[in-house]
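Taken together, the values in this text are just the output of simple stated rules run on the coordinates, not laboratory data. Because the structure is predicted, anything quoted here is derived from the model rather than measured. Note: ideal-geometry Cβ built from the backbone for every residue, glycine included; neighbour counts use all protein chains shown.
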Amino acid sequence: MGLYRDLRSITFFSIVKAHNFFLPPPRKPESGSDLPEIDEIRARAAIPTDISDHLIPLFVESMAVRPRLIVELGVRSGESTFALERVARLCGSTMVSVDVEPPVFSFSPSWKDWTFVKSDDIDFAREFPDWCRAHNVRPEIDVLLIDTNHVYVHTVKEIAHWFPFLSPKAKVLFHDTNM
């Protein structure tokens, strides 16, 4: 019974601290690419987070599409926003980030065609055609990142509500999924 009581007293932050203890030390970012954006993303990815290993592939896969419209479902601290904003700048894309909570960024998004929408992503999907009309944007998503609550039923709803807006060249990326 004592072990159980001790385990109950462990706080969330002590669990995170223990988890972080086992992470590798921050990697020294490679430098010298032809794109300053990739160097920025490498530097950011060198700080271990739950998505840091995916920032470069997220950037590269998104750039390959040359997107006109990027939709990010789930923002939290903005790690993926950081990478996708650089894609948007390079491609002249419109970017929309959707989350039920305002993000807590460690940087200041500065792309002129980036918009944060505080909403449930399923609710916003229902309003998406009207939002696009109001912002003079074609409702054809070229890059869709789904990184919300990771509950299967909700993800199925996201697919049902957002996939009809995908362009023929679209890429859809999911974070925190299991095959």
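For region 102-111, backbone phi angles converted through the Karplus equation (6.51, -1.76, 1.60; θ = phi - 60°) give residue-by-residue couplings of x, x, 10, 7, 9, 9, 10, x, 10, 5 Hz, Gly and Pro being listed as x. Here the contact order of region 135-179, divided by its residue count and restricted to Cα pairs under 8 Å and six or more residues apart, works out to 60 percent. Each label was represented as a point 7 Å from its Cα along the Cα-to-Cβ direction; for VAL153 and LEU90 these points are 4.0 nm apart.
In this rough spin-label picture, where each label sits 7 Å from Cα along the Cβ direction, the ILE47-SER77 distance is 0.7 nm.
The packing ranking of peptides 83-96, 110-123, highest mean first, is 83-96, 110-123, where packing means the average number of other beta carbon atoms within 10 angstrom of each residue.
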